[in-house]
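A.B. asks: Have a look at this one.
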């Protein structure tokens, strides 16, 4: 396998090498966009942001051991070599695609309007039972994060699980051009980024751009067959469906949970059947588990290896994280929200004991149907066992209105708080011992600030 050097980086990106001749062929391993994360030998990518200019931290990166910087401006008094390009963002994508091409390992790409991060974590947990894998960390699933992830590949890695997130047309094509997935998993076509993509058909078109960058003879599409649009979609390559319904190639049934500690289910394929367990909360995990089974079996894992892999799963931060404190069960799911994910979270909570409390906020990027979709969430909450609803946000007022309109129980209550400070002040009086509390809203609502007021 070839290694990266400042010289190769300049050649691949069409940039200009600036530095001493003796550093031109130094090895470069990995890439970082934050100088505080730089390790010796890394490439530091100088990104010009709205508030912070990464170029000002180049010399700090060199002090931390960066082997080279990628820059679109001259770095004054540079303490190390750098490659000057027209656009660091475009250059890092070119470099990521090139570096990916050096590896002949199975690469699993994952996308979907709901559940892609959880699917990534489940698939990575399963595959890690047999393989040394690279997986997307944190939220590095965009046009900057994906190439940074790819540049983390080493000769020790035997497979990669890459999350791919988009918000507009063309992005998935650009991501897939870098990733070149051998297996592409799609969890659901939902209302995330519907403002930019127009409707569900638009979401489908945007997500499925990836198939143009897969080998039609060897590529495999792993699609949620319970999703009507995905079930009927023809990717022009081998297609394997998963879900709960009987028509799927791999399905789950007999789902059982003991509240917050685990979920158990039966996996059924054409010629196999076994019981598996995931030590985490949420019925949504059973819906995504067969995608991990498919990935594992495609890579020749045994059923026993797959089951052991499930047992190592842990949810990503802010996604259905469970905490029990002071006899209150908190479901911290405030990383992000759209109508599909909120309904899934409310459904999972319905299996818990105690009074069900939902603290919900605005869902962003829903376009012209935003008010209607928020109202629908309120109706759904009222009909699915929510005893107390606390809302904050301009759009969340419609969740409150929907709950009030659909609520048929005198014991159930709903409140809307125009200011988050009002909600924080009210939470201690509203939450009681024995409650199960769900916290969910779009990331920009900063609902993580509410957690200390609950437990």
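The values are calculated or read from the model by the stated rules, or taken from the named source; none is laboratory data. Nothing here was measured: the structure is a model prediction, and the numbers come from that model. Heads up, the Cβs are rebuilt from the backbone with ideal geometry, glycines too, and the neighbour counts pull from every protein chain shown.
A.B. asks: Based on what the data block shows, is residue 421 surrounded by fewer than 16 Cβ atoms within 10 Å (Cβ to Cβ), in a loop (DSSP other than H, G, I, E, B) and either in the same structural domain as residue 355 (by TED's automatic domain parsing) or touching a strand residue (DSSP E or B) at 6+ places or on another chain (Cβ under 7 Å) (or both)?
C.D. replies: no
A.B. asks: What's the total number of residues in region 113-129 that are assigned to a loop (DSSP other than H, G, I, E, B), modelled with pLDDT of 95 or more and touching a strand residue (DSSP E or B) at 6+ places or on another chain (Cβ under 9 Å)?
C.D. replies: 1
A.B. asks: Would you point out the residue of region 32-42, among those that are touching a strand residue (DSSP E or B) at 6+ places or on another chain (Cβ under 8 Å) and farther than 17 Å from residue 143 by Cβ, that is surrounded by the fewest Cβ atoms within 10 Å (Cβ to Cβ)?
C.D. replies: Here the answer is 39.
A.B. asks: Give region 228-244 a look and list any residue that's out of contact with any strand residue (DSSP E or B) (no Cβ under 8 Å at 6 or more places or on another chain) and either crowded, with 16+ Cβ neighbours inside 10 Å or not in a loop (DSSP other than H, G, I, E, B) (or both), or say none.
C.D. replies: 228, 229, listed by residue number.
A.B. asks: Answer with yes or no whether residue 52 is under 21 Å from residue 140 (Cβ atoms), buried (at least 21 other Cβ atoms within 10 Å of the Cβ) and either out of contact with any helix residue (DSSP H, G or I) (no Cβ under 9 Å at 6 or more places or on another chain) or without any contact (Cβ under 8 Å) to a residue 60 or more places away in the chain (or both).
C.D. replies: No, not satisfied.
A.B. asks: I would also like to ask the following. I'm checking my understanding of the structure. Among residues of region 294-314 that are assigned to a helix (DSSP H, G or I) and over 24 Å from the mean Cα position of the chain (by Cα), which one is farthest from residue 182 (Cα to Cα)?
C.D. replies: Looking at the filtered set, the residue picked out is 304.
A.B. asks: Let me ask something additional. Pull up region 16-31, narrow it to residues that are out of contact with any helix residue (DSSP H, G or I) (no Cβ under 6 Å at 6 or more places or on another chain) and closer than 18 Å to residue 73 by Cβ, then point me to the one that is surrounded by the fewest Cβ atoms within 10 Å (Cβ to Cβ).
C.D. replies: 16
A.B. asks: Identify, from the list 360, 352, 346, the residue that is in the same structural domain as residue 423 (by TED's automatic domain parsing), more than 19 Å from the chain's Cα centre (by Cα) and assigned to a strand (DSSP E or B).
C.D. replies: Result of the check over 360, 352, 346: 360.
So that you can scan it fast, the table gives a plain yes or no per residue for (1) at pLDDT 95 or above; (2) touching a helix residue (DSSP H, G or I) at 6+ places or on another chain (Cβ under 7 Å); (3) crowded, with 22+ Cβ neighbours inside 10 Å; (4) assigned to a loop (DSSP other than H, G, I, E, B):
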position	(1), (2), (3), (4)
108	yes, yes, yes, no
177	yes, yes, no, no
185	yes, yes, yes, no
196	no, no, no, no
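A.B. asks: Still on this structure, please answer the following. Scan region 43-71 residue by residue and report those that are out of contact with any strand residue (DSSP E or B) (no Cβ under 7 Å at 6 or more places or on another chain) and within 20 Å of residue 8 (Cα to Cα).
C.D. replies: Selection gives 62, 65.
A.B. asks: Residue by residue through region 63-92, note down the ones that are surrounded by 24 or more Cβ atoms within 10 Å (Cβ to Cβ) and either in contact with a helix residue (DSSP H, G or I) (Cβ under 6 Å, 6 or more places away or on another chain) or outside any helix (DSSP H, G or I) (or both).
C.D. replies: 66, 67, 68, 69, 70, 71, 81, 82, 83, 91, 92
A.B. asks: Residues in region 273-293: is at least one in the same structural domain as residue 241 (by TED's automatic domain parsing), surrounded by 22 or more Cβ atoms within 10 Å (Cβ to Cβ), in contact with a strand residue (DSSP E or B) (Cβ under 8 Å, 6 or more places away or on another chain) and in a strand (DSSP E or B)?
C.D. replies: yes
A.B. asks: Separate question: Only one residue in 249, 270, 217 is closer than 21 Å to residue 296 by Cα and surrounded by 14 or more Cβ atoms within 10 Å (Cβ to Cβ). Which one?
C.D. replies: None of the other options fit; the residue is 249.
A.B. asks: From 260, 268, 306, which residue is over 30 Å from residue 437 (Cβ atoms) and out of contact with any helix residue (DSSP H, G or I) (no Cβ under 6 Å at 6 or more places or on another chain)?
C.D. replies: Result of the check over 260, 268, 306: 268.
A.B. asks: Please state which of the following conditions residue 145 fails to meet, knowing it meets all the rest: (1) at pLDDT 95 or above; (2) crowded, with 24+ Cβ neighbours inside 10 Å; (3) within 29 Å of residue 201 (Cβ to Cβ).
C.D. replies: Failed condition: (2).
A.B. asks: Sticking with this structure for a sec: Does any residue of region 45-55 turn out to be over 29 Å from the mean Cα position of the chain (by Cα), assigned to a loop (DSSP other than H, G, I, E, B) and modelled with pLDDT of 95 or more?
C.D. replies: No: zero hits.
A.B. asks: To continue, here is another question. Select from region 429-450 the residues that are more than 23 Å from residue 114 (Cα to Cα), surrounded by fewer than 22 Cβ atoms within 10 Å (Cβ to Cβ) and touching a residue at least 40 places away in the same chain (Cβ under 8 Å) and list them in ascending order.
C.D. replies: Hits for region 429-450 are 430, 431, 432, 433, 434, 435.
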